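The values are calculated or read from the model by the stated rules, or taken from the named source; none is laboratory data. These numbers were taken from a predicted model, which means no experiment stands behind them. Positions of Cβ are backbone-derived with ideal geometry, glycine not excepted, and every protein chain shown enters the neighbour counts.
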Ligand SMILES: *[C@@H]1O[C@H](CO)[C@@H](O)[C@H](O)[C@H]1NC(C)=O
Ligand SMILES: *[C@@H]1O[C@H](CO)[C@@H](O)[C@H](O)[C@H]1NC(C)=O
């Protein structure tokens with residue numbers, strides 16, 4: 001282990017020196033913006049007219065409404081193939097605590113699927129984590145209410161040529177110890193409901209399969225917060241065997257562990273942590289993975305938009321600080337201004353933010369900070385069951401200001417009024433659906449979650465808190481007709497200062 005660690009360190013050391021030399025030997029290039037360790041490319045980023053790509057209207061979308069209350073008579077555009085429902089029976093789930101089938105009184109089924117694409121050559125195409133059936137334990141009463149433990153379940157999946165996911169491995173629970181919290185007393189009968197919820201999977205820049213989920217908080221006087229698992233293989237062993245390293249993804253043994261650090265770190269704001277925190281979504285700065293960063297930045301809010309950066313990691317928690325926007329990049333209110341009929345607190349982020357390079361996948365598309373954006377899906381939420389959808393884009397570079405906001409869209413076969421709760425998005429290229437088509441070669445190493453403009457887009461969701469669903473659409477269909485966020489002119493900025 002130690003020897004291996006040293007080898008990695010020395011390789012890192014020499015590569016850094018090499019890259020520094022290369023960088024200095026390339027006069028006039030914009031190397032520093034894209035020559036990012038360790039996935040260097042010798043060519044310049046491909047020039048792209050980003051604003052015209054984002055704001056152009058996809059064919060056939062002309063007639064559709066943009067947002068609620070904008071005075072247009074039409075519906076929102078419907079994207080994608082009809083929703084596919086992914087079967088998984090409760091009897092097929094193994095309880096990792098006992099090694100036996102889930103036992104005892106349960107309620108519900110598997111829903112709210114988060115998905116992560118594995119590197120090619122892996123035994124499964126994808127790993128999924130979903131909310132499983134609840135464990136009901138009438139014996140344990142909390143404030144007079146029977147206890148209900150929410151559970152996460154993990155499994156491998158493959159996709160058919162029509163883009164339909166199916167489970168291809170035994171499913172097992174993820175062991176996340178959990179207990180009722182005094183801090184949840186204000187939530188009335190929900191004080192008895194605890195456990196992990198809403199799994200959002202993503203690749204860290206270090207190349208590990210990470211998970212952010214809703215869980216209890218460690219502090220006694222708060223209720224719920226978010227947990228970050230840097231490597232899902234710690235808690236779901238079969239993934240270590242199924243996963244083939246490559247595409248920036250690394251072997252289980254190659255990531256140095258932080259001595260004493262838990263593998264389920266609580267995400268905590270240095271200031272302003274609420275009693276119940278939900279829906280934090282992770283991302284990593286830069287146009288391409290830096291090959292080393294484990295702890296994610298967080299998109300905390302879409303309206304007003306707020307980014308958090310990790311400032312301190314200790315054995316149980318990652319401490320986050322707000323990223324403050326300078327006046328000339330202050331587009332905080334762009335999302336709420338665009339979707340003006342929604343109260344800001346009814347707009348919340350859904351998927352992690354993913355890197356999207358706005359040219360076509362292939363050797364001719366080199367990613368850099370001018371042609372790559374972070375994009376994520378958000379929900380407009382209305383009680384009890386409405387979850388609308390739209391996309392927004394953010395700058396890959398600090399301070400990660402909002403660049404553009406997109407129109408509402410509906411998904412084929414799903415109504416916005418049926419709790420269709422989106423968790424993750426995955427890029428799909430033709431070779432993923434048809435093994436006779438070779439995977440496209442790329443000029444840089446990109447994680448399997450890096451999107452390009454001509455990719456298909458697979459969205460995974462929960463349906464009515466009862467079923468796992470997915471919809472396949474295209475990047476172009478969900479991305480068009482974006483409103484570019486206005487920025488204050490230099491004069492106004494001067495006046496503000
Ligand atoms: C799943 O897909 C992989 C290739 O991605 C293949 O090797 C494997 O056999 C498939 N498994 C099943 C059960 O279909
Ligand atoms: C992101 O910000 C950087 C630095 O301000 C800028 O150079 C770059 O062009 C921006 N990217 C996009 C896509 O607007």
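Can you confirm whether the stretch 139-151 contains a residue that is away from ligand 1 (no atom under 14 Å from the Cβ), under 21 Å from residue 210 (Cβ atoms) and touching a residue at least 24 places away in the same chain (Cβ under 8 Å)? Among the residues of the stretch 139-151, at least one is away from ligand 1 (no atom under 14 Å from the Cβ), under 21 Å from residue 210 (Cβ atoms) and touching a residue at least 24 places away in the same chain (Cβ under 8 Å), which makes the answer yes. Residue under question is residue 111, and the condition is that it be closer than 16 Å to residue 458 by Cα, touching a residue at least 12 places away in the same chain (Cβ under 8 Å) and away from ligand 2 (no atom under 16 Å from the Cβ); does it hold? Taking the combined requirement at face value, the residue does not satisfy it.
In the set (1) under 25 Å from the mean Cα position of the chain (by Cα); (2) under 21 Å from residue 229 (Cβ atoms); (3) surrounded by fewer than 18 Cβ atoms within 10 Å (Cβ to Cβ), the condition left unmet by residue 94 is number (1). Give the number of residues within the stretch 110-129 that are within 19 Å of residue 160 (Cβ to Cβ), in contact with a helix residue (DSSP H, G or I) (Cβ under 9 Å, 6 or more places away or on another chain) and in a strand (DSSP E or B). Residues that pass the stated criteria total 3. For residue 424, state whether it is surrounded by 23 or more Cβ atoms within 10 Å (Cβ to Cβ), within 16 Å of ligand 2 (Cβ to nearest atom) and farther than 24 Å from residue 75 by Cβ. No, not satisfied.
In contact with a strand residue (DSSP E or B) (Cβ under 7 Å, 6 or more places away or on another chain), under 25 Å from residue 161 (Cβ atoms) and surrounded by fewer than 20 Cβ atoms within 10 Å (Cβ to Cβ): does that describe residue 433? It is true that residue 433 is in contact with a strand residue (DSSP E or B) (Cβ under 7 Å, 6 or more places away or on another chain), under 25 Å from residue 161 (Cβ atoms) and surrounded by fewer than 20 Cβ atoms within 10 Å (Cβ to Cβ).
Among the candidates 105, 87, 82, the residue that is within 16 Å of ligand 1 (Cβ to nearest atom) and surrounded by fewer than 17 Cβ atoms within 10 Å (Cβ to Cβ) is uniquely 87. Does residue 157 satisfy being closer than 23 Å to residue 461 by Cβ, within 16 Å of ligand 1 (Cβ to nearest atom) and not in a loop (DSSP other than H, G, I, E, B)? When the stated conditions are applied, residue 157 passes them.
Among residues that are over 18 Å from residue 223 (Cα atoms), within 22 Å of the chain's Cα centre (by Cα) and in contact (Cβ under 8 Å) with a residue 12 or more places away in the chain, residue 314 is not included. Each residue in the stretch 352-375 was checked for being more than 16 Å from ligand 2 (Cβ to nearest atom) and surrounded by 24 or more Cβ atoms within 10 Å (Cβ to Cβ), and 1 pass. Of all the listed residues (337, 322), the sole one being surrounded by fewer than 20 Cβ atoms within 10 Å (Cβ to Cβ), away from ligand 2 (no atom under 16 Å from the Cβ) and under 20 Å from the mean Cα position of the chain (by Cα) is 322.
Assess whether residue 256 counts as being over 25 Å from residue 401 (Cα atoms) and modelled with pLDDT under 95. Yes; evaluated as a whole, the condition is true for this residue. Scan the stretch 131-143 and give yes if some residue there is modelled with pLDDT of 95 or more, part of a loop (DSSP other than H, G, I, E, B) and either under 29 Å from the mean Cα position of the chain (by Cα) or farther than 29 Å from residue 234 by Cα (or both), otherwise no. Yes - at least one qualifying residue is present in the stretch 131-143.
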